[in-house]
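Chemist: Please see the structure below; I have some questions.
The values are calculated or read from the model by the stated rules, or taken from the named source; none is laboratory data. This structure is a prediction, so every number in the text was calculated from the model and none was measured. Don't worry about glycine lacking a Cβ; one is built from the backbone with ideal geometry, like all the others, and counts go over all protein chains shown. Side chains included, ligands, DNA and RNA excluded: accessible areas come from the protein's heavy atoms. Shrake-Rupley method; radii C 1.70, N 1.55, O 1.52, S 1.80 Å.
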Amino acid sequence: MTTADLILMNGKVTTMDPARPEAAAIAVTDGLIQAVGPDADIMAYQGPETRVIDLRGQRVIPGLIDSHTHIIRQGNNFAMELRWDRVPSLADGLKMLKEQAERTPAGQWIRVVGGWSADQFAERRLPTIEEINAVSPDVPVYVLHLYDRAWLNKAALRALGIDSHYYEPFVSGRLERDDDGKPTGLALARPNAQPLYALLDMAPKLDFEQQLLSTKHYFRALNALGLTSALDCAGGFLNYPDDYGVISALNRRGEQTVRIGYQLFAQRPGFELDDFRRWNDLVKPDAGDDFLKCIGAGEMLVASAYDFEDFSYPRPTLAPRMESDLRPVLEFLFQNRWPIRFHCTYEESAHRLLKLVEEVGRDQGLDELNWIFDHGETISPATMDWIARLGGGISYQNRIAFQASAYEARYGTDALRHVMPVKKMMASGVPLAAGTDATRVSSYNPWLAIHWAVSGKGRGGDVIWAEDHRLSRHDALRHWTAEGAWFSRDTGRKGQIKPGQMADLAVLDRDYFTVAEDDIADIEADLTLLGGKIVFAKAAFAAHAPAPLPSLPDWSPVAFFGAPGAAPKQAA
């Protein structure tokens, strides 16, 4: 019997392995799960060099897998962003802006980019540009609300040279102007969020070394929430390979603490096929290693196939040219065996997209491509069956939890009760996994998404789903663990605590299966392992913690206020 490198014992282990759903102890060797079982059986793997950790009866789960997020982009920006994810009132949010303005140095901006909703505020309303200008008259501020609007204060407009003579180069959306034609600072997406992203992209960026540090801190925060893997969907203004230098450097140095499978997102409307042809010469699907690998193309394949989910605005209809734009891209990708994923919010969009996927796939083949349909808030059971028949999987997220009141106001209470029909997706038998779509709409905190799936509640406590539409705690967790492996083409290699799989797991600070329902949103990890290596530890396991990271700059909002999974410096 080979002795183990590490033994975790005296725990409540949820394995997500149907053959052995529960256990007490785990043996780890060479980064893999060696054995799982009762304490007495696993302690037989102890040798003179084996490290043994007593879990003290705490709940253990497989490391969480976010099947749809924008982790690479967020890592580059994390240190600069002020988080409102759990702020209870608008007054508190404005107070944070004011305090941050007092410590932000010249040349830096304050930015609040996603993860919050007016529904969570006691006031149940959005800020006004007047309020933002009042708390920060001299320091540039950018505040993004979902995909529908952003506010730039007067200092930000001055910094960007935006005045009454400013020419708006946006595809759609606009800057609000007063009666004299002067921009007020409110930018609106109608419905395309391109102007919101373009304005944010004009703000100052961190240099390369600062982005490295920012990304390390972001990964540490994710580890503190029990997350060990993510599928990165790139996003607007993240160009390959230019903007992938930070994650590539961390990978080369062995400093990556979240496994990433990334897709490539076409950035140039009208020239998407050129982008994919160029990328096909640079990288191939599955190129990389267990920590960083390319897994396909998407979530935007062509700009005309993108239906933004701004539920405060009428549903967009995909452009008539969508099929002619998308067909040659699909033909090229399928011919070269690239898995795809595509953003699709509405049933009406899904029909046109799936018809084309089926037509092109009939000629080129979809077998073993593990292609992904993303979002699907309003899709029907027939569409779910269609996806399953074509060999696709569905990645769903909790975006609706941030927009419940807007959706109800537009479509009615009955429609709200049936939006994002995960239970029906499960019944279809389609491969199904969960994610956040963080961070420009939702929070990166997976436990907020799991809480929504179990409780059926929005961010303000609004009831979205009737009880029979809600998920069991086991099913919600399964979509964040075992089911997520299919989406990164890692079935049988991760997502379960099972012999032979990668030793990615989290020891939770409270028992997910027994805590009060609303306490699920507050769960964190006390200990997180990636490939058998401890990447985060606190509380009873603090003695096992990895070396602390170099501190973020004192002006960083994360350093002062903290963020999900990241404690503020003064509380550390």
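Chemist: Among Ser164, Ala506, Ala249, whose Cα lies farthest out toward the positive end of the dipole of the chain, if unit charges sit on the beta carbon of Lys, Arg (+1) and Asp, Glu (-1)?
Modeler: Sorting the options by dipole projection puts first Ala249.
Chemist: Give the whole-number value, in cubic angstrom per residue, of the convex hull volume spanned by the C-alpha atoms of the stretch 66-113.
Modeler: 85 Å³
Chemist: Highest mean first, what order results for 400-411, 315-326 on Cβ atoms within 10 Å? Provide the component values of the computation, followed by the final result.
Modeler: Details: 400-411: 21.4, 315-326: 16.1.
Taking the mean over residues of other Cβ atoms within 10 Å, the ranking is 400-411, 315-326.
Chemist: Quick one: check the C-alpha center-to-center distance for the stretch 521-570 versus the stretch 153-176, whole angstrom.
Modeler: 38 Å
Chemist: For Ala249, what is the net charge nearby, where nearby means another residue's Cβ is under 15 Å from its Cβ and Lys, Arg count +1, Asp, Glu -1?
Modeler: For residues surrounding Ala249, the net value is -3.
Chemist: Next question. Give me the net charge of Met300's neighbourhood, meaning all other residues with Cβ under 12 Å from the Cβ of Met300; Lys, Arg count +1, Asp, Glu -1.
Modeler: Surrounding charge for Met300 is -4.
Chemist: Could you tell me the accessible area of Thr491 in Å² (1.4 Å probe, neighbours in place), rounded to the nearest ten?
Modeler: Approximately 100 Å² for this residue.
Chemist: Find the all-direction average of the projected area of the Cα convex hull for the stretch 86-147, expressing the result in square nanometres with one decimal place.
Modeler: 4.1 nm²
Chemist: Out of the DSSP beta bridges found with both residues in the stretch 1-103, what percent are antiparallel (nearest 5)? Write down the numbers at each step before the final one.
Modeler: On the way: 10 of 16 bridges.
Percent antiparallel among DSSP bridges in the stretch 1-103 is about 60.
Chemist: Which whole-Hz couplings ³J(HN,Hα) result when phi for each residue of the stretch 277-286 is put into the Karplus expression 6.51 cos²θ - 1.76 cosθ + 1.60, θ = phi - 60°, listed in order with x for Gly and Pro?
Modeler: 5, 5, 5, 4, 7, 9, 8, 10, x, 6
Chemist: Can I ask one more? Tell me which residues come under 5 Å, amide H to amide H, from Ile394 once H is placed; ignore anything under 5 positions away on its chain.
Modeler: Phe373, Leu432, Ala433
Chemist: Also: So what is the 222 nm mean residue ellipticity for the chain from helices alone, if each DSSP H run of at least 4 adds -39500 (n - 2.57) and you divide by all residues, rounding to the nearest 500 deg cm²/dmol? Write out the running numbers ahead of the final one.
Modeler: Values: 18 runs with 165 residues, N = 572.
Only helices count here, giving -8000 deg cm²/dmol.
Chemist: DSSP loop trypsin sites (Lys or Arg not before Pro) in the stretch 100-151 with at most 16 other Cβ atoms within 10 Å of their Cβ, which ones?
Modeler: Those satisfying the criteria are Arg103, Arg124, Arg125.
Chemist: Using only Cα atoms, locate the centre of the stretch 345-366 and the centre of the stretch 243-314, then give the distance between them in Å, rounded to an integer.
Modeler: Cα centroid to Cα centroid, the span is 21 Å.
Chemist: Where does each of Lys205, Lys569 land when they are ordered by accessible area, with a 1.4 Å probe and the largest first?
Modeler: Lys205, Lys569
Chemist: May I pose another question? Classify the stretch 445-572: rounded, prolate or oblate, from the alpha-carbon gyration tensor (a ≥ b ≥ c, eigenvalue square roots; a/c under 1.5 rounded; otherwise prolate if a/b is larger than b/c)?
Modeler: Values: a/c = 2.04, a/b = 1.19, b/c = 1.72.
Oblate shape, in that a/c is at least 1.5 and b/c is the bigger or equal ratio.
Chemist: If you don't mind, another one. Which value results when the Cα radius of gyration for the stretch 1-111 is divided by 2.2 N^0.38 Å?
Modeler: On the way: Rg = 22.3 Å, N = 111, 2.2 N^0.38 = 13.2 Å.
Normalised Cα radius of gyration, the stretch 1-111: 1.69.
Chemist: Take the alpha carbon gyration tensor of the stretch 194-292, find the square roots of its eigenvalues, order them as a ≥ b ≥ c, and report rounded if a/c is under 1.5; if not, report prolate when a/b exceeds b/c, else oblate.
Modeler: Because a/c hits 1.5 or more and a/b fails to exceed b/c, the stretch 194-292 counts as oblate.
Chemist: Can you tell me how the stretch 93-194 classifies by the Cα gyration tensor, rounded, prolate or oblate, using a/c under 1.5 as the rounded cut?
Modeler: oblate
Chemist: Scan around Phe265 for amide H atoms under 5 Å from its own, H built in the peptide plane at 1.01 Å from N, and keep only partners 5 or more places away or cross-chain.
Modeler: Gly235, Gly298
Chemist: Kindly report, to the nearest 10 Å², the accessible surface of Lys154 as traced by a 1.4 Å probe over protein heavy atoms only.
Modeler: We get 120 Å² for Lys154.
Chemist: Okay, next question. Could you sort out which of Lys498/Lys538; Lys12/Lys494; Lys154/Lys457; Lys216/Lys494; Lys423/Lys494 sit more than 27 Å apart by Cα distance in this structure?
Modeler: Values: Lys498/Lys538 25 Å; Lys12/Lys494 19 Å; Lys154/Lys457 36 Å; Lys216/Lys494 22 Å; Lys423/Lys494 24 Å.
Check vs 27 Å cut-off fails for Lys154/Lys457.
Chemist: Additional query: Where does the charge balance sit around Arg268 when Lys and Arg score +1, Asp and Glu -1, over other residues with C-beta under 11 Å from its C-beta?
Modeler: -2
Chemist: Quick one: which residues, 5 or more positions from Phe536 or on another chain, have an amide H under 5 Å from its amide H? H modelled 1.01 Å from N in the peptide plane, none for Pro or chain starts.
Modeler: Thr528
Chemist: Oh, and also: Just for the chain, what percent of DSSP beta bridges are antiparallel, to the closest 5?
Modeler: On the way: 35 of 71 bridges.
Antiparallel bridges: around 50 percent, rounded to the nearest 5.
Chemist: Shifting gears a bit: I'd like the Karplus ³J(HN,Hα) series for the stretch 83-99: coefficients 6.51, -1.76, 1.60, θ = phi - 60°, whole numbers in Hz, and an x wherever there's a Gly or Pro.
Modeler: Using θ = phi - 60°, the values come out as 9, 10, 3, 10, 6, x, 8, 4, 4, 5, x, 5, 4, 5, 4, 4, 5 Hz.
Chemist: Please tell me the relative contact order of the chain in percent, rounded to the nearest whole number, where contacts are Cα pairs under 8 Å and at least six residues apart.
Modeler: Normalised by residue count, the contact order of the chain is 19 percent.
Chemist: Tell me which label goes with the value of Kirkwood radius over Cα pairs in Å computed from the coordinates here: (1) 23.6; (2) 24.2; (3) 27.7.
Modeler: Given (1) 23.6; (2) 24.2; (3) 27.7, the structure-derived one carries the label (2).
Chemist: Taking just the alpha-carbon atoms of the stretch 50-137, what radius of gyration and Dmax come out, in angstrom?
Modeler: Taking only Cα atoms of the stretch 50-137, I get Rg and Dmax of 18.5, 61 Å.
Chemist: Residue-wise, which Karplus ³J(HN,Hα) couplings in Hz belong to the stretch 555-569, taking 6.51 cos²θ - 1.76 cosθ + 1.60, θ = phi - 60°, and x for glycine or proline?
Modeler: After applying 6.51 cos²θ - 1.76 cosθ + 1.60, I find 7, 4, x, 5, 4, 8, 9, x, 6, x, x, 10, 6, x, 4 Hz.
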